[in-house]
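The values are calculated or read from the model by the stated rules, or taken from the named source; none is laboratory data. Note that the structure is predicted; figures quoted are calculated from it, not measured. Glycine also receives a Cβ, built like all others from the backbone with ideal geometry; neighbour counts cover every protein chain displayed. These accessible areas exclude ligands, DNA and RNA; they are computed on the full protein's heavy atoms, side chains included. Shrake-Rupley method; radii C 1.70, N 1.55, O 1.52, S 1.80 Å.
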Amino acid sequence: GQPCYSDLAITTALTLRAVFRLALRQTEGLIGSILQLLALTLPVPDHTTLSRRAETLEVLRPKAGSEPVHLLV
């Protein structure tokens, strides 16, 4: 079966994607790298899962030229 990811996990990944202006595959790699640096053995949502869930979740997207974004992961 497919792993199930919480809305918070997907929202965090999509927020990182928006902040760093990444493609979905790059976002998948970034999340994997962060988890590896934290020495966590958690499954990473793949780009297809991120794409599907992005349709149903609302993610705040920073506007170009707006104030700095403070993101704590």
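Annotation note: of P68, P43, the sole residue that is part of a loop (DSSP other than H, G, I, E, B) and modelled with pLDDT under 80 is P68.
Which one of these is open to solvent by 50 Å² or more (accessible area, probe 1.4 Å), in contact with a helix residue (DSSP H, G or I) (Cβ under 6 Å, 6 or more places away or on another chain) and free of Cβ contacts under 8 Å to residues at least 12 places away in the same chain: L42, L38?
Numbers: L38 fails: in contact with a helix residue (DSSP H, G or I) (Cβ under 6 Å, 6 or more places away or on another chain).
Selected residue: L42, the only one of L42, L38 that is open to solvent by 50 Å² or more (accessible area, probe 1.4 Å), in contact with a helix residue (DSSP H, G or I) (Cβ under 6 Å, 6 or more places away or on another chain) and free of Cβ contacts under 8 Å to residues at least 12 places away in the same chain.
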